[in-house]
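Down below is the structure, laid out as structure tokens.
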Amino acid sequence: KKNPLPSGFWQRIWEYPYVAINVPKKSKTIDVGGTYPFVLFKNWPDAVSVDNRDLNKVKHPLLKNQWPKDKLIIADATNIPVKTNVYDYSISISAIEEMPNTVKVLKEMIRIAKHRVVVTLDVSEKLGVNRNLLRELEKYLGITLPTIPHNVLNSNDQRITQYNQPILDEYKHIRVLG
């Protein structure tokens, strides 16, 4: 009932905990794609975020004027102006699938992380990561991703109602991959 997320952010109830479980709170972390500050700094107080926009100026109440100057790097995620292996972890929460070159962004995230890259993606044939991009990611990573079942982690899952998120049929095609 204290969930500050706007209606329709159903996937975040899985994504934020997934990343928080896999990235220690006291680690030196960089976020790629502008995760909401109230989540980022609560979980990783020393984190910084990189985005190609000045997030303090966007017209979004959960972003605008919420970023301390030293916590936001305004840059292209395919060419982040930091040294190699400077951050313990690089993270992206439902953002890199919306960027023009997802694989190149992932390569950059790997370059700057000492220990681990933790990413969540929205997977769908209509938006987010589609089958072709999943195959491209698999090829680059040298792995085979498991099939994402159609009956889990979607906007029709009844568990989202306990977080004050509505059941949204228009998003039932989206699956969450971490």
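Observations on the model:
- With the helix formula -39500 (n - 2.57) applied to DSSP H stretches of n ≥ 4, the chain reaches a computed 222 nm mean residue ellipticity of -6500 deg cm²/dmol.
- FRET efficiency for I21 and L141, using Cβ-Cβ distance with R0 set to 22 Å, rounded to 0.05: 0.60
- Ranking by accessible area, most exposed first, for K64, K139 with a 1.4 Å probe: K139, K64
- Beta bridges assigned by DSSP with both partners in the chain are antiparallel in approximately 15 percent of cases.
- Rounded percent of accessible protein surface that carbon and sulfur make up, the chain, 1.4 Å probe: 52 percent
- Accessible surface for the range 1-52, divided over its residues, is 47 Å² per residue with a 1.4 Å probe.
- Sorting H60, H115 by solvent-accessible area of protein heavy atoms yields H115, H60, largest first, with a 1.4 Å probe.
- Each Lys or Arg adds one and each Asp or Glu takes one away; over the other residues whose Cβ falls under 12 Å from the Cβ of V176, this sums to -2.
- Which labelled figure in [x] 17.1, 67; [y] 15.9, 44; [z] 18.0, 60 is Rg and Dmax of the Cα atoms in Å, once derived from the coordinates: [y]
- Dipole of the range 103-178, positive end: most advanced residue of T161, H173, V103 [Cβ charges, Cα centre]: V103
- Under the convention that each Lys and Arg Cβ holds +1 and each Asp and Glu Cβ holds -1, the size of the dipole of the chain around its Cα centre is about 460 debye.
- Accessible-area value, T144, 1.4 Å probe, nucleic acids and ligands omitted, Å²: 120 Å²
- Pairs of lysines in the range 47-178 (C-alpha under 24 Å apart; 8 or more residues apart or interchain): 19
- Between T84 and R116, the contour length at 0.36 nm per residue exceeds the alpha carbon distance by 10.2 nm.
- At the residue level, D76 shows approximately 80 square angstrom of accessible surface with a 1.4 angstrom probe and all protein chains present.
The values are calculated or read from the model by the stated rules, or taken from the named source; none is laboratory data. This one's a predicted model, so the numbers in the text were calculated from it and none came from an experiment. With ideal geometry, Cβ positions are generated from the backbone for all residues, glycine too; neighbour counts draw on all protein chains shown. These area figures cover heavy atoms from the full protein model, side chains too; ligands, DNA and RNA do not enter into them. Shrake-Rupley method; radii C 1.70, N 1.55, O 1.52, S 1.80 Å.
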